[in-house]
Amino acid sequence: MRRFGLEALALAATVLAPAAHADKPDMPAHAGEASKPPTIQTADLAAVAARGAEIYAFDQAAWHTTDAMLARKLPQDVMRAIRGWVVEPAGDLLTVTYYGLNDATPYAIYVADYRDGKILNDRVPDTDGDRSLSAQAVRMAAAHDVAVAQPFGACVERPFNTVTLPPRPGSGTIPVYLLTPMLKRDAYPAGGHHEVDIGPDGKLLAVRDFSKSCLTLDSPPDTKGLWMTHLLDPHPTEMHVYLSLWSGKPVFVGTPDDAVWSVNGTRIVKMDPKKGGAKEK
């Protein structure tokens, strides 16, 4: 999810993401409940923590490389040709490839290597050279397109930000996250996020709504933490981990059993009301 200020990418709203689905902003549910695909189940806390950190890292890589790409001031026709991006791990780097489409075949337009908040190198592939994407990147690009075509309602009049993760080891499933973008500084969207899993055959496998309503958490600089309830799962999800990493603050989450959890980055603990503290789970 881009931080506030991505509107500096005037082209991004129309070039780097598909149009948002027009739906009631307070009802971000998947349209057509009767034909809704299977629901993705909540993972255990260790998997939730790891997935939240992965989403955050990929999102940061996209944000920083977008800024680097804009700094290059590429011609407008080149920018308009961009149809998406994929982020691939490469050792301790994340390589981000912004691509266009030649018929249905993606080709690289801009590539950057990212690590720990820094662009280590970037390049614009020669139009006369090899601009093909890796087989994995081609699959990820196709999965992204399937995911954004799903009829989710949007909480804001902006396209979803997207995070497409590489195929999962073993299953080959590609998770794609559709995230409500930030519209105002220090106002973090906590509702209207979705996951779409794409199978190895490139077809829709399962989906998930992380909330049933739109919610934005205001977090002025002096705020010590964010508070919210989550009634869809027995414990926090990767979205709470992502929100904590993104805001740089703990997120306190109330769950259906009247429990309260502290999510501080990837550390998730269940609060102990008798002791006024938290205990590891």
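Listing for the model above:
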| item | result |
| --- | --- |
| Vicinal HN-Hα couplings computed from phi for segment 199-212 (Karplus, 6.51 cos²θ - 1.76 cosθ + 1.60; Hz; Gly/Pro x) | x, x, 7, x, 9, 4, 9, 6, 9, 7, 9, 8, 7, 10 |
| Estimated FRET transfer efficiency (TRP227, ASP44; beta-carbon r; R0 30 Å; 0.05) | 0.80 |
| Rounded to the nearest 10 Å², the accessible area of ARG158 at probe 1.4 Å | 90 Å² |
| Integer Hz, Karplus 6.51/-1.76/1.60 couplings in order for segment 256-271, x for Gly and Pro | x, 8, 6, 8, 10, 10, 9, 10, 10, x, 8, 8, 10, 10, 8, 5 |
| Angle between the chain longest axis and helix 45-71 axis [Cα atoms, degrees, rounded to 10] | 40 degrees |
| Apportionment of accessible area to carbon and sulfur, segment 135-222, percent (1.4 Å) | 55 percent |
| Top of ALA112, ALA47, ALA141 by mean-square fluctuation, Gaussian network on the chain, Cα under 10 Å | ALA47 |
| Candidates ASP44, ASP145, ASP218, ranked by Gaussian network fluctuation over the chain, Cα under 10 Å, top entry | ASP44 |
| Surface accessible to a 1.4 Å probe, per residue, for the residues of the chain, Å² | 47 Å² |
| Label-point gap, in nm, between ASP201 and ASP77 - each point 7 angstrom along Cα→Cβ | 4.2 nm |
| Relative contact order [Cα under 8 Å, 6+ residues apart], the chain, whole percent | 20 percent |
| Residue of GLU195, GLU238, GLU157 that the Gaussian network model of the chain assigns the largest fluctuation, springs spanning Cα pairs under 10 Å | GLU157 |
| Helix 238-247 vs. the chain, principal-axis angle (Cα, 0 to 90°, nearest 10) | 80 degrees |
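The values are calculated or read from the model by the stated rules, or taken from the named source; none is laboratory data. Please read all numbers here as calculations on a predicted model, not as lab measurements. Don't worry about glycine lacking a Cβ; one is built from the backbone with ideal geometry, like all the others, and counts go over all protein chains shown. SASA here: full protein model, heavy atoms, side chains in, ligands and nucleic acids out. Shrake-Rupley method; radii C 1.70, N 1.55, O 1.52, S 1.80 Å.
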